[in-house]
Amino acid sequence: MANNTTGLTRIIKAAGYSWKGLRAAWKNEAAFRQEAVAVIAAIIIACWLDVDPMSRLFLISSVMLVMIVEILNSAIEAVVDRIGPEFHELSGRAKDMGSAAVLLSIILALVVWVTLLWQHLR
């Protein structure tokens, strides 16, 4: 059966699925909630700082990337958990790699913030 949804209807449905995903992440993932609070605070600080527009863009983008990677990590975990609760080496590897991706995105955000703030405060 072909999907005949096109144009504006498709965009509206896609936006609904995205909103549903954000709500599911908020409801089911403590890490997502914690990071969301930190990201909101970081965005407020980035908007408050007297920095040039490109620096502000990097500050905000770096923390938004953390949220994006956290959602992808949560999706990986949900799929692995759906497959079954028993331990499997590949399931563990998938979850560990997703977690590593989150860690790397957090490190990147910290490096961006420290570098730009250091440059700004000098």
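The values are calculated or read from the model by the stated rules, or taken from the named source; none is laboratory data. Here the structure is a predicted model, which means the values were calculated and not measured. All Cβ positions, even for glycine, are placed from backbone atoms using ideal geometry, and neighbour counts span all protein chains on display.
Within region 72-122, the set of residues being free of Cβ contacts under 8 Å to residues at least 12 places away in the same chain and either in contact with a Lys or Arg (Cβ under 6 Å, 6 or more places away or on another chain) or of a type in the set (Lys, Arg) (or both) comprises Arg82, Arg93, Arg122. Contact map, region 3-28: residues that are at pLDDT 90 or above paired with residues that are of a type in the set (Val, Ile, Thr) and part of a helix (DSSP H, G or I), Cβ distance under 8 Å, separation 6+ or inter-chain. Pairs shown: Gly21/Ile71; Leu22/Ile71; Ala25/Ile71. Would it be correct to say that Ala25 is farther than 30 Å from His120 by Cα and within 21 Å of the chain's Cα centre (by Cα)? Spelling it out, Ala25 is indeed farther than 30 Å from His120 by Cα and within 21 Å of the chain's Cα centre (by Cα). The single condition among (1) modelled with pLDDT under 95; (2) surrounded by 14 or more Cβ atoms within 10 Å (Cβ to Cβ) that Leu65 does not meet is (1).
A single member of Ile40, Ile44, Ile11 is within 26 Å of Leu65 (Cβ to Cβ), of a type in the set (A, V, I, L, M), loosely packed, with under 11 Cβ neighbours inside 10 Å and more than 12 Å from the chain's Cα centre (by Cα), and it is Ile44.
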